[in-house]
1. If we count every other residue with Cβ under 10 angstrom of residue 227's Cβ, Lys/Arg +1 and Asp/Glu -1, where does the sum land?
2. Under a crude label model (7 Å from the Cα following the beta-carbon direction), how far is residue 174 from residue 122 in nanometres?
3. Where Lys and Arg each count +1 and Asp and Glu each count -1, what net charge lies around residue 111 among other residues with Cβ under 11 Å from its Cβ?
4. For the range 205-355, what is the relative contact order in percent, using Cα pairs closer than 8 Å and at least 6 residues apart in sequence?
5. Over the alpha carbons of the range 55-370, what is the largest minus smallest coordinate on each principal axis, giving the biggest first in Å?
6. Got a sec? Charge dipole of the range 55-370, +1 on Cβ for Lys and Arg, -1 for Asp and Glu; which of 295, 69, 129 is way out at the positive end?
7. Using a 7 Å offset from the Cα along the Cα-to-Cβ direction at both residue 363 and residue 302, what is the distance between the two label points in nm, to one decimal?
8. Distance between Cα centroids, the range 139-153 to the range 244-264: provide it in whole Å.
Amino acid sequence: MKIIWESLSVQHLLLLRVVDQISKQLIFRAKYLLLFLLVFLESMLLIAADEKKSIVLEFSLYDFEEAYFEAVDQLLDEHEKISGNRLVPPSAERVALKVNTRAGEGLSTPLNLVRATIQSLESRGYERNSILIIDYSSFNLKNAGFYEEEKEGTFYFEGCPVLALSSLKYFEPDWHYDSPIPPLLKDQPFNQSTDFSISDFTDYLDYQETAIFRKSFLPIPLLFEVDFWINLAVGLDDPILGVDGALANASLWNVSNHLRFLANQSTAAVAVAEILGIPELNQHLKLHFVALEEFQFIGGPFYNSLYSRVQPKLWMSSDPVALDRLLVDLINQERRENGFDELPSPNLQLSYASKIGLGEDSIDSIVIKNINEEQ
């Protein structure tokens, strides 16, 4: 019995050693497995962070004429390569270009940029009479050179119909942005450039109670009548918005009664974000261009050549917030160099738009990719 017991004891001891070795191996492997999982998770987080970065494509212009045609073609080609989506006519076979003529003739969307975009879209299958050019004020569109000819009550530029939203023909009662912000007051020094005004009412109480002036109507062509639309913005400082760039041109300058939002920075910023966040308006918005042929760093919102600068570059992105953030930095750089204070920070317009997912306002989340200097 003693021999058997000793034999069992030896076997038990050997078994414990085997179990201990297996346990150590399992713990060792578990440690490596845990380390692998941690490294893998960290790499996934880094990839996710990298995927969140907004890409701004940049083209360096050698002039402001022929270079635009080369620039737009290459930028759109690069976008199609990155997105995997061709900008070709799928259904409505119509496309729109939203230009900005608000600051006046000296600082409107460059005509050569518009010509280049028209030509590039035409090469992709769109006919010129199906490429709409849209802005708010008919007066500003005319002064900027977009009214080349008139046929049957419609103005054309390079064979493309030009639509002025101030005519009120492109709004419908059921499609509006409703806001409790009051309408423009008599003593505010702005011209709404519409076919109606406060003088149409016998007294201010009638005006205040008129529901139409508490609504900002949305552009029906951009909502339902195009395959997609492209935002062709410019860059200048604005005393309320901080910067009038891609965000403002795609939102405020697309709706009626928009000047009521310019009472202060908060109301303007909320309106910009909420209008551009309307799904029907945003779903067909493909790209934003910012022309730096001329930009203004102080003295806005109207053109002043003394405070304008030239940057021979064209920016394009699907992220309007990133573009406006770059504009803010560009404007601030010029302000510092010329002895002016920087724009107020933070810019509420960018902050609100970023919070509702319209883009990235952190400079660390923006990558500029120059597509012709790298070649």
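1. 0
2. Those two pseudo-labels are separated by 3.8 nm.
3. Net local charge, residue 111 excluded: -4.
4. 27
5. Computed over the range 55-370, the largest-to-smallest principal extents equal 56, 52, 35 Å.
6. 295
7. Result for the modelled spin labels: 3.3 nm.
8. Using only Cα atoms, the two centres lie 22 Å from each other.
Quick note: the coordinates plus some simple rules give every number you see, no bench work behind them. Treat the numbers as computed from the prediction; the structure is a model and nothing was measured. Methodologically, a virtual Cβ is constructed for each residue, glycine included, from the backbone with ideal geometry; neighbour enumeration extends over all protein chains shown.
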